[in-house]
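Have a look at the structure below before the remarks.
Read the figures in this text as sums done on the coordinates, not as results from a lab. It should be emphasised that the depicted structure is a prediction, and the values quoted were computed from it without experimental measurement. Virtual Cβ from ideal backbone geometry, glycine too; neighbours counted across all protein chains shown.
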Amino acid sequence: MFYLIYETTNNINGKKYIGKHITSNINDEYLGSGIYLKKSIKKYGKENFSKKILYTFDNENDMLDKERELVNEELIENENYYNISLGGQGGVTVLYEGHPLYKQTCQKLSESHQKRKKESSRVSKELHKQKKIGMYGKKQSEKQKKIVSEKLKGVPKNKESVAKQRESILKTLNSDGYVHPNTGRRTGQRQSPLRYPHQGQAAPRH
């Protein structure tokens, strides 16, 4: 077995990652398991990364000692590296309270989550504007209609359940800022009536 210390480089932006690896094939394609490194590989593609073997050992202890020496606090604070965990420990220990970079890392993860959330909201709003949401402009095929019809058959419909269903639908339609998924119209604009298959009745317009 080979006990390796390697350095993986993003050939597009120059960022690096130093890690340890135990393998029987010194020329395998392993690039690393760091959280941010893996995200970057997914973004840029494996073909845009290269790996260099820095040290080779014949035992795990020497490998861990070298990683501990190289991947120190100074390195994980360096923005040119993907590393977020101190070397020689293994795992994402930085996410455990008490680690010197625990608060800093949690803050970064929180900011990243908020950024993705805002982007998702922006895309959703843009799709609403372009009327590319829900069933807008689409029609159910005969096969889809048949499937829905079969599922509705035999479903018990008493007056109480019908009343609750109607109340729930109207509550949604009357909520502020509601945009109908099929028509793209906002609350207050004329809506197509919602029909109840079991009654042949339409919900009141609002």
Long pairs among K43/K125; K117/K145; K51/K118; K43/K117; K125/K159, criterion Cα-Cα beyond 28 Å: K117/K145; K51/K118; K125/K159
Packing-based exposure ordering (other Cβ within 10 Å, fewest first) of V162, V71, V123: V123, V162, V71
Give the value in nm², to one decimal: projected area of the alpha carbon convex hull of segment 1-52, averaged over all directions. 3.2
Nearby aspartates and glutamates by direct alpha-carbon distance to K52 (threshold 13 angstrom, same-chain neighbours under 8 apart not counted): E7, D28, E29
